[in-house]
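Peer 1: Structure in structure tokens, see below.
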Amino acid sequence: MKHLISMADLTQEEVIELLDMAEDLKEKRLRGKVTDLLKNKSLAMIFEKSSTRTRVSFEVAMSDLGGHSIYLNYRDIQLGRGETVADTARVLAGYVYAISARVNRHDTLIELAECSAVPVINALSDLEHPCQILADLLTIREYKNRLKDLRFAWIGDGNNVCNSAILGCAIVGMEIIVACPEGYEPDVNIVAKARELGGTVMITHDPSKAAKDADVLYTDVWVSMGEEDEREKRMHDLKDYQINAELVNIAKHDAIVMHCLPAHRDEEITAEILEGPHSVVFDEAENRLHAQKALLLKLMT
């Protein structure tokens, strides 16, 4: 693995290795044990979209590991004035040891990776969000003590996070059922790739069917960044795809509820469930830090 552009860039062995590393790094941080494995190394972080968890987790990860991060808002660098992605990649690769990029178009990441001499990390694109799913797999394993043969139910819009979840589940041997309205299905090429990897992927328009006997219930916002003009339509189309007490009650009694955040309470998930005993949402958010530390070490050392 030279870059992480898609979850499909990872083998099952690499995913497990990253999760094991993340667990170890998390335990060491809790004990206050300091590591400087990335001392004198820098990460360039390109942001075309705003962020809380992605920015802070990457910055803290680099600091914890003895390295340094550089926040690059695309408006503040020459990308915002018409410099090509290829030229930016070549220049940054001469300064830093890795590049993470949170971008509007997945093709931007592909071009960055093709032109960069250092690793490129997908910190979110319109197609995938693999860093989020690595943290999610870490969280599921912490709560369930395994990944294989679990039942993962995605409720709502089949978006970029859903696409990476489909691939992640296929890689680790987890069944995934996506419940979404017509027109909101996940990317067909992603679904086909997951099935090529041996994954069990089902698409339904019935959230109850997906949630029945699920080990994991997962959702995301109905209106993502850049979709604000579609808010009224999306709110109408997705109104029956809320994670609520009724849906949780038909999942397994020990099901966990996940959300990549930010959450809009009482839209895609009720406040009662987000704050309730099934929710692992804030542990999931913390695990972005630990999973990304493992990823950075894997790519930069």
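Peer 1: Here are some residues: LYS193, LYS212. Which one is closer than 26 Å to GLN12 by Cβ, surrounded by 15 or more Cβ atoms within 10 Å (Cβ to Cβ) and among the basic types (Lys, Arg)?
Peer 2: Values: LYS212 fails: closer than 26 Å to GLN12 by Cβ.
Of the residues listed, the single one that is closer than 26 Å to GLN12 by Cβ, surrounded by 15 or more Cβ atoms within 10 Å (Cβ to Cβ) and among the basic types (Lys, Arg) is LYS193.
Peer 1: Hey, another quick one. Say we look at region 123-146 and pick out the residues that are closer than 25 Å to ASP206 by Cβ and surrounded by 23 or more Cβ atoms within 10 Å (Cβ to Cβ); which of these is farthest from the chain's Cα centre (by Cα)?
Peer 2: Applying the first criterion (closer than 25 Å to ASP206 by Cβ) to region 123-146 yields 133, 136, 140, 144.
Among the residues that remain, those that are also surrounded by 23 or more Cβ atoms within 10 Å (Cβ to Cβ) are: 133, 136, 140.
Numbers: ILE133: 4, ASP136: 7, ILE140: 13 Å.
In this case the residue turns out to be ILE140.
Peer 1: Let me ask something else about it. What's the number of the only condition in (1) in a helix (DSSP H, G or I); (2) over 22 Å from LYS49 (Cα atoms) that LYS239 fails to meet?
Peer 2: Status for LYS239: all satisfied but (1).
Peer 1: Take ALA117 and tell me if it is among the aliphatic types (A, V, I, L, M) and outside any loop (DSSP other than H, G, I, E, B).
Peer 2: Numbers: among the aliphatic types (A, V, I, L, M): yes; outside any loop (DSSP other than H, G, I, E, B): no.
So ALA117 fails the test.
Peer 1: Quick check, is ASP149 touching a strand residue (DSSP E or B) at 6+ places or on another chain (Cβ under 9 Å), buried (at least 20 other Cβ atoms within 10 Å of the Cβ), in the same structural domain as GLU185 (by TED's automatic domain parsing) and not β-branched (Val, Ile, Thr)? It would help to see each step written out before you state the result.
Peer 2: Working: touching a strand residue (DSSP E or B) at 6+ places or on another chain (Cβ under 9 Å): yes; buried (at least 20 other Cβ atoms within 10 Å of the Cβ): no; in the same structural domain as GLU185 (by TED's automatic domain parsing): yes; not β-branched (Val, Ile, Thr): yes.
Answer is no for this residue.
Peer 1: Please indicate, with yes or no, whether at least one residue in region 45-68 is surrounded by fewer than 20 Cβ atoms within 10 Å (Cβ to Cβ), free of Cβ contacts under 8 Å to residues at least 12 places away in the same chain and among the basic types (Lys, Arg).
Peer 2: Within region 45-68, none of the residues are surrounded by fewer than 20 Cβ atoms within 10 Å (Cβ to Cβ), free of Cβ contacts under 8 Å to residues at least 12 places away in the same chain and among the basic types (Lys, Arg).
Peer 1: With respect to LYS209, is the statement that it is basic (Lys, Arg), in a loop (DSSP other than H, G, I, E, B), under 18 Å from LEU150 (Cβ atoms) and over 18 Å from the mean Cα position of the chain (by Cα) true? Even if it seems obvious, please write down each step before you answer.
Peer 2: Working: basic (Lys, Arg): yes; in a loop (DSSP other than H, G, I, E, B): no; under 18 Å from LEU150 (Cβ atoms): yes; over 18 Å from the mean Cα position of the chain (by Cα): yes.
Spelling it out, it is not the case that LYS209 is basic (Lys, Arg), in a loop (DSSP other than H, G, I, E, B), under 18 Å from LEU150 (Cβ atoms) and over 18 Å from the mean Cα position of the chain (by Cα).
Peer 1: Residues of region 187-206 being in a loop (DSSP other than H, G, I, E, B) and in contact with a helix residue (DSSP H, G or I) (Cβ under 7 Å, 6 or more places away or on another chain), which ones? So that I can check it myself, show each step before the final result.
Peer 2: Here is the first cut: in region 187-206, the ones in a loop (DSSP other than H, G, I, E, B) are 187, 197-200, 205-206.
Across region 187-206, the qualifying residues are ASP187, LEU197, GLY198, GLY199.
Peer 1: With respect to LEU30, is the statement that it is aliphatic (A, V, I, L, M) and in contact (Cβ under 8 Å) with a residue 12 or more places away in the chain true? Steps first, please.
Peer 2: Details: aliphatic (A, V, I, L, M): yes; in contact (Cβ under 8 Å) with a residue 12 or more places away in the chain: no.
In short, no.
Peer 1: Moving on to the next point. In region 212-239, which residues are without any contact (Cβ under 8 Å) to a residue 40 or more places away in the chain and within 30 Å of ASP149 (Cβ to Cβ)?
Peer 2: Correct list: LYS212 only.
Peer 1: Can you name the number of the only condition in (1) closer than 25 Å to SER279 by Cα; (2) under 18 Å from the mean Cα position of the chain (by Cα) that VAL191 fails?
Peer 2: VAL191 satisfies all of (1) closer than 25 Å to SER279 by Cα; (2) under 18 Å from the mean Cα position of the chain (by Cα) except (1).
The values are calculated or read from the model by the stated rules, or taken from the named source; none is laboratory data. These numbers were taken from a predicted model, which means no experiment stands behind them. When we count neighbours, we look across all protein chains shown, and the Cβ atoms used for this are built from the backbone with ideal geometry, even at glycine.
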